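Peer 1: Structure provided below as C-alpha cells; questions to follow.
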Amino acid sequence: MRLEQVKISETLQAIVRIGVVFLDDVKNGPPDPALDLELEKICEEYRRLWAERKPTEIEAVARTRKLYRRVGIDPTRDRPSSERLLRRVLKKQPLPKVNKLVDCINMASLKLQCPLGLYDWSSIVPPVTFRVGLPGEELRVISERSMSLEGKLVCADEEGPFGNPSHDSHRTRVELGTSRAMAACWSPAEHPRSYIDSVLDEITRAAGEYCGARVAGRRIF
C-alpha cells in the first residue's frame, strides 16, 4: 500500500483533519517495562494536573467531542479512544497492556489527547478512504462484538470499514507478529497542521524507540 492509495472523502474535508503514518520493520513484542514506566509518568502528571477537573472541562477533550457532534455522533455514548484512556487514568484504573506497538499508540493518544487508530498494514486491502459510515455498515471490533457505523467517522478499504476514532477492527488488529502498520489520527479541520505533525512525531518516536520501527511514509489530509 502507498500513500497515494489513501484519501479523505469530500464530505469530510471541511470537518476533519487526518494524519496518517506507515510504519515498517516493526519488531513487536509483549508489553515493555520501560514503556510502562514512561506511560506511568504521564499518568501521574495528568492526575496531578486534572484531578479536580471533569474530563469535559479539559480543552483537548472538548475539541474532540466537538468533532464528533459535527457529524451527529453523541460523544457521551461513543467516546473517543483518547478520552476513554484519560478517564481511566483520572479514575486511577489500569490502562490496557496489549503489546509494545499498541501500547505505544495508546501512550501517544493519551499524551496528546488525540484519538488514534492502529492497523496491521498487511491486512488492509487498498485503496483506503476516510469517510462517513453508510446505512447497514458495521464494524467487528477487537473484542469481536459488532457495532453500527451508520453516520459515524470511519476508515474503510475494499473489504469495508476497519476502524474509526473510537474503535479498531478485529480484522486489521495489531498482534505480536505484526511487522508493518498504519496509524491514523483524527482532529477537527480547523486544528493546526502543527498539532497533527506533533502527534505523528510522537507515534514515530515511540514506535521507533520501543519497536525499532521506521517511517515508510506520512501525510496530513
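Peer 1: Can you tell me how much longer the chain between S122 and Q5 gets when fully stretched, taken as 0.36 nm per residue apart minus their C-alpha distance, in nm with one decimal?
Peer 2: 40.7 nm
Peer 1: For the chain, calculate the relative contact order in percent as a whole number, restricting contacts to Cα pairs under 8 Å that are 6 or more residues apart.
Peer 2: On the way: 428 pairs, mean separation 82.3, N = 221.
Relative CO of the chain lands at 37 percent.
Peer 1: Return the sequence-ordered ³J(HN,Hα) values of the range 149-162 in whole Hz as given by the Karplus equation 6.51 cos²θ - 1.76 cosθ + 1.60 applied to θ = phi - 60°, using x for Gly and Pro.
Peer 2: 10, 4, x, 9, 5, 9, 10, 10, 10, 5, 9, x, x, 9
Peer 1: Excluding same-chain residues fewer than 8 positions from K27, which aspartates and glutamates have a Cα within less than 20 Å of its Cα?
Peer 2: Within reach: D36, E38, D103, D120, E175, D201, E202, E209.
Peer 1: Taking only Cα atoms of the range 8-116, what ratio of Rg to Rh do you get with Rh as the Kirkwood inverse-distance radius?
Peer 2: Values: Rg = 15.3 Å, Rh = 15.3 Å.
Here Rg/Rh amounts to 1.00.
Peer 1: Hey, could you grab the Kirkwood Rh for the range 85-175? Inverse mean 1/r over distinct alpha carbon pairs, Å, one decimal.
Peer 2: Details: mean 1/r = 0.0720 Å⁻¹.
Kirkwood hydrodynamic radius for the range 85-175: 13.9 Å.
Peer 1: Ok, one more. Ordered by residue, what ³J(HN,Hα) values in Hz, to whole numbers, does the range 57-70 give under the Karplus form 6.51 cos²θ - 1.76 cosθ + 1.60, where θ = phi - 60° and Gly and Pro are x?
Peer 2: Whole-Hz 3J(HN,Hα) from phi for the range 57-70: 8, 8, 3, 5, 5, 4, 4, 5, 4, 4, 4, 4, 5, 4.
Peer 1: Size of the chain along its principal axes in angstrom, Cα-based, largest extent first?
Peer 2: 42, 38, 35 Å, listed from the longest principal axis down.
Peer 1: By how many nm would the segment from E59 to R205 grow when fully extended, if each residue of separation counts as 0.36 nm and the alpha-carbon distance is taken off?
Peer 2: Working: separation 146, 0.36 × 146 = 52.56 nm, distance 2.47 nm.
Gain in length upon complete extension: 50.1 nm.
Peer 1: Now for a different question. Okay, helix-only estimate at 222 nm for the chain: each DSSP H run of n ≥ 4 adds -39500 (n - 2.57), divide by all residues, round to 500 deg cm²/dmol; what do you get? Mind showing how you got there, number by number?
Peer 2: Working: 5 runs with 72 residues, N = 221.
Taken over the chain, the calculation gives -10500 deg cm²/dmol.
Peer 1: Further question on the same structure: Taking θ = phi - 60°, what integer Hz values does the Karplus form 6.51 cos²θ - 1.76 cosθ + 1.60 yield along the range 192-205, in sequence order, with x for Gly and Pro?
Peer 2: Here the 3J(HN,Hα) series is x, 4, 4, 5, 4, 4, 5, 5, 5, 4, 5, 4, 5, 4 Hz.
Peer 1: Here's another thing I want to ask about it. Which three lengths, in whole Å and largest first, does the range 13-52 cover when its Cα atoms are put on their principal axes?
Peer 2: That gives 36, 35, 10 Å along the principal axes, largest extent first.
Peer 1: Here is a further query. Once the piece of chain linking K91 and E52 is laid out straight, how much longer is it, given 0.36 nm per residue of separation minus the C-alpha distance between them?
Peer 2: On the way: separation 39, 0.36 × 39 = 14.04 nm, distance 1.12 nm.
Net length gain for the segment: 12.9 nm.
Peer 1: Here is a further query. Return the subset of K66/K97; K41/K97; K91/K152 for which the Cα-Cα distance in this structure is over 21 Å, preserving the input order. Each step should come with its number before you reach the end.
Peer 2: On the way: K66/K97 29 Å; K41/K97 16 Å; K91/K152 28 Å.
Pairs exceeding the cut-off: K66/K97; K91/K152.
Every read-out reported here was derived from the displayed coordinates using simple, explicitly stated rules and does not represent laboratory data. Worth saying up front: this structure is predicted, and the values here are computed from it rather than measured.
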